Amino acid sequence: GEAFMPEKRKIRFDISVWVVISAVAVLAVILGMMIFVQFQSAQNQARMLLIDKGTTLIHSFESGLHLLPDSAEETFYLQKLLMETAQQPDVDYLMVTDAEGRILADSDPSMLDLPYGLDLDLKKIAHSREIQWRQTTNPVGAGTFEVYRGFPRWRGVPGKRA
């Protein structure tokens, strides 16, 4: 006789097309969320870097003005310092305004005495030592990240703050 051989059954997985589509959709959502979180993290790091750089520039100007001899022309010195510093490739402009928004010193001397920042609460900013920032458009139309805060009274402009 013939030996009894069990019939080989083919095991077949019926995977629905919908299950595959659902799995791909879930993976796409997870990947999208990961990319979004990574992008937000990179944006936050860039923002912090720009705020730190702006803060450093503000402190540098402030320190430079405190070291001036009493006989020095403070406005001329600040104007020259702003012009030189703004030549860095990642700096669009630097300026000091009074609490009414009149530009007292600017890296672009043609801007002197013009109004700036009138959309901000300049009086509040003038009395604050807190670093603030905003994203705005520069005069040429490019996006600019501005870092600002109140500046201490300086000898060149009695009673004015910027």
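The values are calculated or read from the model by the stated rules, or taken from the named source; none is laboratory data. What you are looking at is a predicted structure, and each value in this text was computed from that prediction instead of being measured. Surface accessibility is based on the protein's heavy atoms, side chains included, excluding ligands, DNA and RNA. Shrake-Rupley method; radii C 1.70, N 1.55, O 1.52, S 1.80 Å.
Before moving on, here are some points about what is shown:
- Calculated P(r) tail over 16 Å for region 60-138, as whole % of Cα pairs: 57 percent
- Karplus-derived 3J(HN,Hα) values for region 116-131, using 6.51 cos²θ - 1.76 cosθ + 1.60 with θ = phi - 60°, are 8, x, 5, 7, 9, 7, 5, 5, 5, 4, 4, 9, 9, 9, 7, 6 Hz; glycine and proline are entered as x.
- For region 94-107, backbone phi angles converted through the Karplus equation (6.51, -1.76, 1.60; θ = phi - 60°) give residue-by-residue couplings of 9, 8, 10, 10, 8, 5, 9, x, 7, 6, 8, 8, 8, 5 Hz, Gly and Pro being listed as x.
- Surface calculation, 1.4 Å probe, protein heavy atoms: residue 77 sits at approximately 80 Å² accessible.
- Multiplying the residue separation of residue 40 and residue 73 by 0.36 nm and subtracting their alpha-carbon distance yields 7.4 nm.
- Residues with amide H under 5 Å from that of residue 91, placed H, sequence gap 5 or more: none
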